[in-house]
Structure formats: structure tokens, C-alpha cells
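Bear in mind these aren't lab numbers, they're just calculated from the coordinates by the rules spelled out. If you're wondering where the values come from, they're calculated on a predicted model, not measured in any experiment. Cβ: placed from backbone, ideal geometry, glycine included. Neighbour counts: every protein chain shown.
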Amino acid sequence: MFAGENGLKGDPRLQAITEAIRVVPHFPKPGIMFQDITTLLLDHKAFKDTVDIFVDRYRDMNISVVAGVEARGFMFGPSIALAIGAKFVPLRKPRKLPAEVISESYELEYGTDCLEMHLGAVTLGERAVVIDDLVATGGTLSAAIKLLERAGAEVVECACVIGVPEVKGQCRLNGKPLYILVEPREIEHCC
Amino acid sequence: MLRLRPIHSSAQLDRGGFLAAHSLIRNPATCLSRSLSFTVRGADSARVTIKGRFRMASEDGRNKRIAKIASAIRVIPNFPKPGIMFQDITTLLLDPKTFKDTIDLFVERYKSMDISVVAGVEARGFIFGPPIALAIGAKFVPMRKPNKLPGEVISEEYSLEYGTDIMEMHVGAVEAGERAIIIDDLIATGGTLCAAIRLLERVGVNVIECACVIELPELKGRDRLGNKPLFVLVSSV
């Protein structure tokens, strides 16, 4: 679900967040309009508002795990975790985590990739949210959900700053709710 | 598990003065008072040495937090290759109070130092940097491996044990004259931090300090940073 249509309709913070995101055309390849959140991180108020919106949503939902997808999920997840008193669990590319891991592979446009989580990071029955900067196909988030569920956690929701409009019709991922702040910014709206 | 010793590092009294404590606390949990040698440097560079036995309440609170942080770090032998004792901070992140204490210790240090930029080195610097930046009102600037940042970048090459690597920063992320700190989870040889310092200084930023959770002193990273101050919470020997 999109925040602007669920509880935060007309919230000026959402407009400021949208405007703080930079669109970089044709990255990483022609035809892709890359949604660059690094400009959001340069805008202290907008960055703080982004974190606060997620914190307000999750603080009373008994969440004990915030899982963030490498690497841009690391930029948002820990602040949320700290504010709601949850642990932060990094979900990483292969061979980055030093101890024993569980792995989940997922489809890319061409080929596959793999997401890993430390064994023992989450325990049975913990309530978790998964954070990433953007959801497009949902492949990465889907792998993240599977990892957490294999470890016995309950994924309460996936949360992203940006979500492509296509996810509107299908506001669930593996049956899990998806919470998104803004749609991708279009190039003609940029300065 | 290797024993991690919490160490003192400099605490800034005000913009012009420094209180540097030259004492290694071996067991802060049982250490109630200790002999400390202090050098106070004023803005006019006068040096006064104060010696004596005393206890600072705030210092004990700090030491308790640092001891907890040290014990929350997990050492993984022989990762990524034989002979390396890897300092795993993911276990620290699983303890909300201890993770918060880690961030608070950095925030307490930097909140009154007019820092407008917190630069974090990919990827573990991304875990500690943003919470610090948000708490002190600074922007967060990710320093990334090549080809990750989508906009125009400046690049800095640096040495690895075998070969070289490249670190990148977005053009326009920072402005000349801004005051910055650089965050990473750990300093080893200091190569990565040196590259980050160079990137920021190339565009006219004033790098005030580098800050890490962990230092591996035997690798002499502190020396490699030269005159750039380094603040760490725990030292691993």
C-alpha cells in the first residue's frame, strides 16, 4: 500500500521526500530511470521524515527485527530499528557475512543472485519487517522474506521508500503486505 | 574469543581545548578509581599537566557502555582467509541497547562540533553513519565501491594487500568548507579511511576526525592517518 493513500494523504513530508530523490536516466543501463536516494540522505529533514514515518508505523506493532537489504537497506534500517527498540539484521550478498549463514537465491533479469543471513540472527516467532530503498520486481524482497521465514520469524511487512506503480495492484509479496512511501519520480518533474 | 580492551580517546572540551586521557582501562567493570595523566591544551597552545586519582561519573557510565560494546562483538577466526580474526559487528546490532549505546557515544562526541557531513564507508559504515548523521543534524554521504553510485562521481584509488581498489563519492554531495567525520566499523591498515579522507579533501571539505567502533592497533592504521585524528571505542589485540 502507498502511504499517501493510507493514513498519510496530503502529508507534506511525502512531497518533500519525493522532491529529494534524484532521477538518473540510463543507469545502470539504457532505458532505466534510476531513483537515486543519496540526495534524500543529504536533506536532513527529509531523511529524518522518511525514518520517522516508518518508525511511527512500526513502533506499536511489536516488531523485534528490522532486516535491511544490502546496501541501501542499511541506510534506512538501522535508524528505524534503533527508534523502535528492535535488532537490526543485515541481509547481504554472498560471502560477506563471516559466520554461518543461510542463503536464498533469486532471479535477476539475466541470471540469479543470492541473499544471505547469519544463522541465529533471528529466533522462532520474532516479528520482522524488511527494509529496502526501492521495490521493483520484488525479487530481492521475496528472497528476504524467505530467509526470515526459514529462520522461523514472522514477516509482518516489507517497507520501501519507493515503489513502482505496478506494485499497487499487487500490494503483497509472497502474501506479505508491502508499505511504500512514494512512487518513482519522473524526469520531467526534476529541476 | 579475543579480549577486547576498551580505550580512552580524546574528549573535546570546547572548540579550542582538548582533554586527552592517556590511560588504557583494562577492566572497567571493577575499576573504580585510577591514576590518570592528563594534558590540557588550550586554544593558545599552553600545556598544563594534571595528575591525580579521581573518578568521573560520566566516565564510568561511558566505560560500562564501552565494555558492553566490546563484549557484543564476535570474533570469527580465519575469515575471510586463514590467519585473520574477523571482528563481526553483526552481533552488536542484535542487541538494541548496546547498538544504541554505540551510536550515542559517537553522537555525544560530535553533536557540538558543528559537523555537517557524516561520510560512511561501504557497507558497514552505512549501518553506523546514518543514525549518527540524523542525531547530529548532518547529511549522510555514502562512500562506495565503483559503479554503484548513479550520478557523476569522483574516484580515489587505494592499495589493498594485493592490488588496488577504488572508492567513489558523488560530485556535489559535499561543499568546500564543510566539516566532516568519516565512519567505518573498523580500522585496520587505514587504507580505506585514507582514501575517504582524500576524496573529501579534494573537494575542499575539512575532515575533522575519523571514527570507528574497532581499531586493530597492530596494523598501525592510526599512524597511516598521519595528522588526522582517530576516535575509536574498542581496541582489539
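Kirkwood Rh over Cα pairs of the stretch B:66-105 into Stokes-Einstein at 37 °C, 0.692 mPa s: D in µm²/s?
Calculated translational D: 309 µm²/s.
Using only Cα atoms and rounding to the nearest 10 degrees, what angle (0 to 90) does helix A:139-150 make with the longest principal axis of chain A?
30 degrees
Which Cα, out of A:T123, A:V135, A:L91, lies furthest along the positive dipole direction of the stretch A:86-136 (beta carbon charges, K/R +1, D/E -1)?
In the stretch A:86-136, that residue is A:T123.
Could you work out Rg/(2.2 N^0.38 Å) for chain A, with Rg from alpha carbons only?
Normalised Cα radius of gyration, chain A: 0.99.
Can you list the HN-Hα couplings for the stretch A:44-57, worked out from phi with the Karplus curve (6.51, -1.76, 1.60; θ = phi - 60°), rounded to whole Hz and with x for Gly and Pro?
Calculated HN-Hα couplings, in order: 4, 5, 5, 5, 4, 4, 4, 4, 4, 4, 5, 4, 4, 6 Hz.
About the Cα centre, and with charges only on the beta carbon of Lys, Arg (+1) and Asp, Glu (-1), how big is the dipole of the stretch A:48-191? Nearest 20 debye, please.
Details: 16 positive and 21 negative charges, 78 e Å.
Result for the stretch A:48-191 is approximately 380 debye, rounded to the nearest 20.
In the stretch B:124-192, if the dipole is taken from +1 on Lys/Arg beta carbons and -1 on Asp/Glu beta carbons about the Cα centre, which of B:G177, B:F128, B:I166 is farthest to the positive end?
B:F128
About the Cα centre, and with charges only on the beta carbon of Lys, Arg (+1) and Asp, Glu (-1), how big is the dipole of the stretch A:77-135? Nearest 20 debye, please.
It comes to approximately 320 debye.
Tell me which residues come under 5 Å, amide H to amide H, from B:V205 once H is placed; ignore anything under 5 positions away on its chain.
Counting only residues 5 or more places away or on other chains, the set is B:G177.
Per residue of the stretch B:105-116, in order, report the coupling 6.51 cos²θ - 1.76 cosθ + 1.60 (Karplus, θ = phi - 60°) as ³J(HN,Hα) in whole Hz, putting x for Gly and Pro.
With the stated coefficients, the stretch B:105-116 comes to 4, 6, 4, 4, 6, 9, 5, 9, 9, 6, 7, 10 Hz.
Just to compare against my own numbers: the Cα pair-distance distribution for the stretch A:1-92, 10 Å bins, whole % per bin, please.
Here the calculated profile for the stretch A:1-92 is 16, 38, 37, 8, 0.
For the stretch B:80-131, what mean projected area does the convex hull of the alpha carbons give, in nm²?
On the way: hull surface 18.5 nm².
For the stretch B:80-131, the mean projected area of the Cα convex hull comes to 4.6 nm².
Let's test this: bin the Cα-Cα distances of the stretch B:57-181 at 5 Å from zero up to the farthest pair and state each bin's percent.
Whole-percent P(r) values from 0 Å outward: 2, 10, 15, 17, 18, 17, 13, 7, 2, 0.
Hey, what's the Cα Rg ratio for the stretch A:106-149 versus the globular rule of thumb, 2.2 N^0.38 Å?
With N residues counted in the stretch A:106-149, Rg over 2.2 N^0.38 Å equals 1.26.
Could you give me the ³J(HN,Hα) list for the stretch A:91-98, computed from phi with Karplus coefficients 6.51, -1.76, 1.60 and θ = phi - 60°, whole Hz, x at Gly and Pro?
Per residue, the Karplus-derived 3J(HN,Hα) values read 9, 10, 5, x, 6, 8, 6, x Hz.
Antiparallel versus total DSSP beta bridges in the stretch A:104-165: what percent is that, nearest 5?
Here the share of antiparallel DSSP bridges comes out near 35 percent.
If you place +1 on the Cβ of every Lys and Arg, -1 on the Cβ of every Asp and Glu, and leave all else neutral, what size is the dipole of the stretch A:1-79 about its Cα centre, to the nearest 20 Debye?
120 debye
What is the percent of Cα-Cα separations in the stretch B:176-237 that go past 16 Å?
On the way: 701 of 1891 pairs.
Tail of the P(r) past 16 Å holds 37 percent of the pairs.
State which entries of B:K145/B:K220; A:K87/B:K68; A:K45/B:K148 exceed 18 angstrom in Cα-Cα distance in the structure shown.
From B:K145/B:K220; A:K87/B:K68; A:K45/B:K148, over 18 Å: B:K145/B:K220; A:K45/B:K148.
In whole angstrom, how long is each semi-axis of the equivalent ellipsoid of the stretch A:59-141, when you take the square root of 5 times every eigenvalue of its Cα gyration tensor and sort them from largest down? Intermediate values should be presented prior to the final figure.
Values: eigenvalues 96, 47, 25 Å².
Rounded to whole Å, the semi-axes are 22, 15, 11.
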